[in-house]
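Below is one structure, written out as C-alpha cells; comments come after it.
The values are calculated or read from the model by the stated rules, or taken from the named source; none is laboratory data. Remember, it's a predicted structure, so these values are computed and weren't measured experimentally. Neighbour counts are summed over all protein chains in view; Cβ atoms, including those assigned to glycine, are modelled from backbone coordinates with ideal geometry. Ligands, DNA and RNA are stripped out before the accessible areas are found, and what is left, the full protein with its side chains, is counted by its heavy atoms. Shrake-Rupley method; radii C 1.70, N 1.55, O 1.52, S 1.80 Å.
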Amino acid sequence: MALNPVLGKLVSKRVVLASASPRRQEILTNVGLRFEVVPSWFKETLEKSSFAAPYEYAIETAKQKALEVANRMHVKHLRTPDVVIGADTIVTVDEQILEKPVDKQDAYRMLSRLSGKEHSVFTGVAIIHCSSKGNQLETEITDFYEETKVKFSDLSEELLWEYIHSGEPMDKAGGYGIQALGGMLVEYVHGDFLNVVGFPLNHFCKKLAELYYPPPKHTVQHIKHDSIPSVDTFENVSDGESESSNFTEHKGANKLDSSGMCPSRPVYNCENTSSVRTGFTVPLGNQNGVSESAAKLPSKILDLMDGFKASKALFVASKLKMFDYLKNKGPLKAVDVANEVGTSVCGTERLLDACVALGLLEKTSQGYSNTDSANIYLTSDGEYSLHGYIIHSNDHLWPLFTNLESAVREGSRQNHRAFGRKAEDLFKDYYHSQEVKQRFMAAMHSIAHLTARDLATAFDLSQFKSTCDLGGCTGALAHELIQIYPNMKVTVFDLPEVIANISYFQPSEQCTAPVTFVSGDFFKDNLPEADLYILSRVLHDWPDEKIHILLSKISAVCKPGSALLVAEIVLDEQKTHPPRAVLQSLSMTEGKQRSGSEYKQLLEKYGFTNTQFKITGTLLDAVLCFKKNLSP
Ligand SMILES: Cc1cn([C@H]2C[C@H](O)[C@@H](COP(=O)(O)OP(=O)(O)OP(=O)(O)O)O2)c(=O)[nH]c1=O
C-alpha cells in the first residue's frame, strides 16, 4: 500500500474484476485492492488474423470481457460499477497465438512448441470507468499491454506428459503455470513475472497513476518515469511551485494514503532546490546528512513507543472536530482553527503540525487543509467516516487500555477502574446514558458501513430470499445487502433502545426496498424467520454460555439449507495474527477471538456445516456455513 498509494484512489469506488482467474484475484487482493469478482461471459473467439499484432488481440479481448460485465451489471440494475477491470493473457511462439488448451492433446501440442525456445507472454488489460447517464451506460476505456519473454528448457516427451497429467496446464494460456509446477520448465524470464501469471501489476499501477495524477507539464522532468509514482509525488510536484520554501521539504511527509495506511517512514529524494518524492523509501542516510547507523535503529520499536501519542493526537483532533472545520473552511491558519474550536493558538498549532507529520493534514502557505483520506474517513460526515469509532476509542477504549497493566494482572475487564462502575453486562455500560448509547452506535455504524461492501460480496448470497442481521444495529450492512441483492428482504434485529435511535443513521436517499427493523433481545426473544442469519462482530464479545444460547436459538429456527454468515476477524491457527484482533483481545471482554478451525468447530456443534471462509485482509473476514440436512 505504502509503495503505491495510487491504488487508494480506488478505495471509495465500486471496482469489479471481470475475470474468473484466481491468479488475477490473488495478485490484486495481495496489494489490498477491494473489488468484486464478476467473471465475464465474453467468449474468446475474436478472429485472430484480423489483428496486426498479437497484443492487439489480447487488448481487444480484455476490453470485450470488461465491457460485457459492465453492460450486464448496468442492465441488471445492480448498482453500476465505477471501474471494471478486464484482462487477457496469451502466449505467442513462431507468430502463433496460444490460449488455454482445450484438451490434453492440445496442451501437448502447445508445450512441445515451447520446448527449448523463447516465447512471449502478452497480457492485455482494459480499465473501464463507468457512469450512468439517464438509463445509458457511459464508459471511458483505458487499455494497455505488457510483454514478458520466457524461455523453456528442452523438455522430454515423458516430462511433458507427466506435467500434463498433473492437470495444471488446462486453465492456463500456453498450457503452463509459471507460478507452480510449470516454473520447473523455465530457464529464464525477462520482464514482469506477474504478467505471465495473468496480471501486469506494475504497469497497471503506472496506468492508474497516469489516470489519476497526470503530471503537470513543466515539472515532468523531476519524476522518475520508471518508478510507480506515489500519490505524494505528483501532489508535491504540482503544489510545490506555488508554496513558500519553508514547507517544501516536509510537506506531505508520511501522508496517509487513501486506504488510511501510512507509509512507514517519510520518503525523500532531493533533486535541485525543491524536494521531489519518488514514492520509494530511501535509506535514512540519504536524508539531510543523518548517519547510516540511524537506519539500523529499531524503527518498529520506536514507532510503537510513539504510537500512543499518535493515536491520541488523532483522537483529540477528531474530538475537537478539526477535520470537519478544515473540510468546510480550509485551508485555515492555526489561529483561525483555534478561534473556531475555542482552543489555545499555541496548542492548536502543535496539534495541527502533529497531524501534518502523521499524514492526516497538509500544510501550505495558505494554512492547513485535509488530505483526501481525512475528508473520506475523519470528518464526521465523510463517505466512510470513522469519526464515531475514533470517539469511541478515545472515550471508551483509551481509559480501558490505560489500565491494561491491571487488566493483565487480574485477567479481567477494567471498567471499575476506568469508569468507576462495574460492567456486569457488556451493554448495560453502553446504554446507561443517551450520549453513551449514541456514541456506541456511531462507532458500530462506522465499522459496519466501512466493511459492508466486503461482507455483502464475500460470498454470492443471491440464493437467499430473506436475511436477518442479528445485532445489525443501524442497518449499514442491511442497506448494502439490498443494494447488491435487490430481491432480498432484509431484517435487522436489535435491542429496542438501539432501534429507537436508528433514524439518524439511515441513508438520505432510499433508492432500494427499505430494511425492516425489529426490536428484541436475541438471547431471549423469538428470532424473525430468515433463510440467512448474520452475526457480525457479535460472537467475539460474549462468553461461551451466552454464545451457546444464541447459536442454539439460531440453529433451532434455521431450516436445513439455510445459512449463517459470521463476520469476525479470523485469527490464524497460531492465534497471533492479524494484530488488530489480538490487540482487541486486550480489552478483556468475556468473549474471545477465534481461529478458523475454532469457528468451524463451534459452528459444527450447532449443526452448521460446509463452512467456508473469506479472509478479506481488511477489517472483517467472513465465514459462511449451512444448516445440515436432517438425517433421514
Ligand atoms: C502463462 C500463464 C498463464 N496463466 C493463466 C493466467 C490466466 O488466468 C490464464 C489465461 O487465460 P485468460 O483467458 O487470460 O484468463 P482466464 O480464462 O483464466 O480468466 P478470465 O477470462 O475470466 O479473465 O492463464 C498462469 O496462471 N500462469 C502462467 O504461467
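Overview of results
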| read-out | value |
| --- | --- |
| Cα lying deepest toward the dipole's positive end in the range 299-385, options V345, Y325, L358, charges on Cβ | V345 |
| In the range 470-543, trypsin sites (Lys or Arg not before Pro) in a DSSP loop with at most 16 other beta-carbon atoms within 10 Å | K524 |
| R594, R409, ranked by accessible area, largest first (probe 1.4 Å) | R409, R594 |
| Per residue Cα convex hull volume in Å³ - calculated over the range 299-385 | 96 |
| List D353, D494, ordered by accessible area with a 1.4 Å probe, largest first | D353, D494 |
| Solvent-accessible area of L397 with every protein chain in place, 1.4 Å probe, in Å² to the nearest 10 | 40 |
| Heavy atoms of K63 accessible to a 1.4 Å probe, total area in Å² rounded to 10 | 40 |
| Solvent-accessible ranking of D372, D460, largest area first, probe 1.4 Å | D460, D372 |
| Cβ charges +1 (Lys, Arg) and -1 (Asp, Glu), total dipole of the range 1-101, debye | 680 |
| Solvent-accessible area per residue for the range 107-170 (1.4 angstrom probe, square angstrom) | 47 |
| In order through the range 36-50: 3J(HN,Hα) via Karplus (6.51 cos²θ - 1.76 cosθ + 1.60), integer Hz, x for Gly, Pro | 9, 10, 10, x, 7, 9, 5, 7, 7, 10, 5, 6, 5, 5, 7 |
| log₁₀ of I(q)/I(0) at q = 0.09 Å⁻¹ - the range 5-207, Debye sum with one point per alpha carbon | -0.35 |
| Hull volume in cubic angstrom per residue (convex hull over the Cα atoms of the range 362-496) | 169 |
| Karplus-derived 3J(HN,Hα), 6.51/-1.76/1.60, for each residue of the range 568-575, Hz, glycine and proline x | 8, 7, 8, 6, 6, 5, 7, 6 |
